[in-house]
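Working notes, structure below.
Values in this text are rule-based calculations from the coordinates and carry no lab data. Keep in mind it's a predicted model, so treat the numbers as computed, not measured. Ideal geometry is used to build each Cβ from the backbone, glycine not excepted, and the neighbour counts take in all protein chains shown.
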Amino acid sequence: MQTTKTTSRSRMQSLVKGESLQRFLALGALVLLLVFFSVISAPFRTTENYTSILVATAVNGVLAMGATFVIITAGIDLSVGTTMTFCSVILGLVVTNAGLPLWLGVPAALAAGALVGAVNGILIAKAKIPPFIATLGMLNVTRGLAQILSDVKPIYFEGTPQFYDLFMGKSFFGIPNVVFIMFGAGIIASLVLTRTVLGRYAFALGSNEEATRLSGVNVDAWKIAVYSVAGLFAGLGGILIAARMTSAQPSVGMGYELDAIAAAVIGGTSLSGGVGSIVGTIIGAFIISTLTIGLSIVGVPDQWKLVITGVVIIGAVFLDILRRRRSA
Amino acid sequence: MGDLLVEMTDISKSFPGVHALDSCRFELRPGEVHALVGENGAGKSTLMKILAGIYRRDAGTILVKGREVEIASPRAAQDLGISIIHQELNLMGHLTVAQNIFIGREPRGAAPFILDEKRLNAKARELFETLHLKLDPRARVSSLAVAQQQMVEIAKALSFSSDVLIMDEPTAALTDTEIDELFRIIRHLRERGAGIVHISHRLEELKQISERVTVMRDGRYVDTVQTAEASIQSIISKMVGRTIFEATPELPEHPDPEVVLEVRNLKRGRVIRDVSFQLHRGEILGISGLVGAGRTEVARAVFGADPHDAGEILIHGKPVAIRTPANAVAHGIGYLSEDRRRYGLALIMNVEANVVLASLRKFAGRLGQIKFGRTKAAAEEQVKGLAIKTPSLAQRVRNLSGGTQQKVVVAKWLTADTEILIFDEPTRGIDVGAKSEIYRLLNDLAQQGRSIIMISSELPEILRMSHRILVMCEGRITGELSAAEATQEKIMTFATQREALAAA
């Protein structure tokens, strides 16, 4: 039987390798990017710009947090983008069209998101449809529903000025509240992931689903729970984006899921499951925003921005694969 | 003696295409270590998995502590006080030792959904102290050696303070010291009144630790004996049973002395431990052994399907580097895998396409276009030569019978001009009639001068077909028998023996 000395050494090793390294690298990369752009570009260095980076990350960050839960279970959720839009439409329907107060509209939007997530979960856990296909299908379903319910027209929130004030108002440090909401959501998500049963089972499922099932855990129920969480965060994203644009735009949203997944992966969440963190995901989301905004300020044309962002995502996944191979 | 802890009667279980268990019975007394033995496919694991809630029985009754029960899930078994140490490790590599052991039963903190990690690790430490185990509760399971992972699996099963503990080959990855420790724990449990089912093929071990031995064969219950009174030989005889041979077994003719293939000191981790052998021209070399003995692994290593850590492969006396199946095929080696549907055939493609699959280059023109005239001719030749029963060359292979599919795989390798053929379980899933055709085919191939390695778990088959038989156990060759001297008992003895054959 090996002694504890050997296992503490292996704990050190897994700290240096493993996902902490990825998170460390991600943070380093973010700092590097910020410093780089700040140095080479004066307009980047403004408070205004840093604030817009923060705001730009808010929506993607929230979506990416939900996606993190799902990816940790070795699943994927392609529907977070359009679900976000769907939920913003629900918010619009409740608040603007039905004239109900905001404190009814917000929970309604969140519930709608969780419901979509639950449907994903049921399709995946009970009907055994592969996550890629199930969520791809729901991507289209929620997109369609959003357009049907809104009659393909934006829903404006001018009648509810407190909506904008609540979310985009600058309560502290001249930074819009959405940013604090994102960080707040991040703290809650992180606690749930690391300290609760839901989080523990998400890691267990991603690590070895069969072993988890054989250990007597109700794998189906917990999968549904995880996808519902992703849906819930998509709902929150819908509320935030509606606030930013003071309207629910039914045609927006497709493509957001890719940025969400990219943020999670860059931040160290492994697509093969069992590994991931909210902190890493938030860093990943910031990297994407910083890169996008920085490149555009510096004058890089949109097409090249896409190329560079794509290269960064591929690089991050490649690092993930290298890291996994080394620790296998 | 008191009431029985477990009483299983008339248990039957079928999987699609396989009748795994037929009216089996098993009983377990409190304070008893009850060994469960049998050959590959005898049904031991299946029977115990039913008891552990992993499979549902099709028929029969189970009584636990005198009460009739339905064990619908692993959770239900746990609630009944039954826990199992699996043969294959069932751990979540990304989680820590403590998290694995207490999954589903984690101590909660301030609220019922919040975990108390400190208490979790403390509970684990307590458990390890009771079991005298030196494990770090916070170590990530993937960072542990296999033996330690097995100890985690054991600790997990023992943490349930169950009345019934099922151990399926628990000592496979352990050293002698660790095994002694495990036995100490088992004896302690026994004193506490728990009942232990010990599935193993290590008969000498079972002699040390068990009170009774139950033997199963071909999904049926054979007998239960007192360990102290039964000899290892008698247990082996029951495992093997008497099988009816055909009146005149076809003995293959004597092979050439030329060594076509030689393997020296092949090693791969713990799965292949220093394997060396020779294959002569025109010979059928049988390789026998129990599941997990490493036979398929050796075949795959020789074929380049898996990498090997050390060792040499020589073809016609010349060392060759075989790192991929492409290398192996280039040197004239073909491999017919156990699972022909998964690894041997492109099921949705037709007979013609499958026959030329391993040698397509030969049928391609300069621009890479396939010369269909030539492929058709080659496929027709094979269909005629091997008497492949197919309505046409365009028939999808998926629709053919098992025996016919096997012939298509053989055709593929013959078209690729391979002179060394490795057959892994050649007649698995093939009905009796087609089997003898495959045997005749093997003989013909040997007589043509091809050299054959035949891996089989069916003892009558190995005895009937082989010129020589190698027996493997736990990654080593433990015995070599000529056709004349080989018997089922001798093979089983070698197959359950842990020490390697002394170098010949």
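Our compactness index for the protein assembly as shown, the C-alpha radius of gyration over the empirical 2.2 N^0.38 Å, is 1.13.
What fraction, in whole percent, of alpha-carbon pairs in the stretch B:349-417 exceed 21 Å separation? The calculated P(r) of the stretch B:349-417 puts 17 percent of pairs beyond 21 Å. Label-to-label distance, A:D220 versus A:F173, with points set 7 angstrom from Cα along the beta-carbon direction: 4.7 nm.
Taking a span of 24 Å or more along the helix axis (Cα atoms) and a mean Kyte-Doolittle hydropathy of at least -0.5 as the rule, the DSSP H helices of chain A that qualify are A:18-40, A:47-72, A:102-125, A:131-150, A:177-195, A:219-245, A:278-297, A:302-327. Axis of helix B:146-158 versus longest Cα principal axis of chain B: the two differ by about 40°, to the nearest ten degrees. With equal scatterers on the alpha carbons only and no solvent term, can you work out the Debye log10 of I(q)/I(0) for the stretch B:315-357 at 0.21, 0.32 1/Å? Taking Cα atoms of the stretch B:315-357 as identical point scatterers yields -0.79, -1.13.
Listed from fewest to most Cβ neighbours within 10 Å, the set B:I430, B:I179, B:I348, A:I133 follows the order B:I348, A:I133, B:I179, B:I430. Distance from the C-alpha centroid of the stretch B:84-119 to that of the stretch A:295-315: 43 Å, rounded to the whole angstrom. Sorting A:V229, B:V18, B:V355 from the fewest to the most surrounding beta carbons within 10 angstrom yields B:V18, A:V229, B:V355. Taking other C-beta atoms within 10 Å as the exposure proxy, B:D180, B:D424 rank B:D180, B:D424 from fewest upward. Over the stretch A:44-327, the Kirkwood radius and the radius of gyration, each from Cα atoms, give a ratio Rg/Rh of 0.97. In plain terms, chain B is cut at each of the GluC sites (Glu not before Pro) found in a DSSP loop with at most 16 other Cβ atoms within 10 Å, and the longest leftover piece is B:259-484. Using a simple spin-label model with pseudo-atoms 7 Å out from Cα toward Cβ, B:E191 and B:E129 lie 1.9 nm apart.
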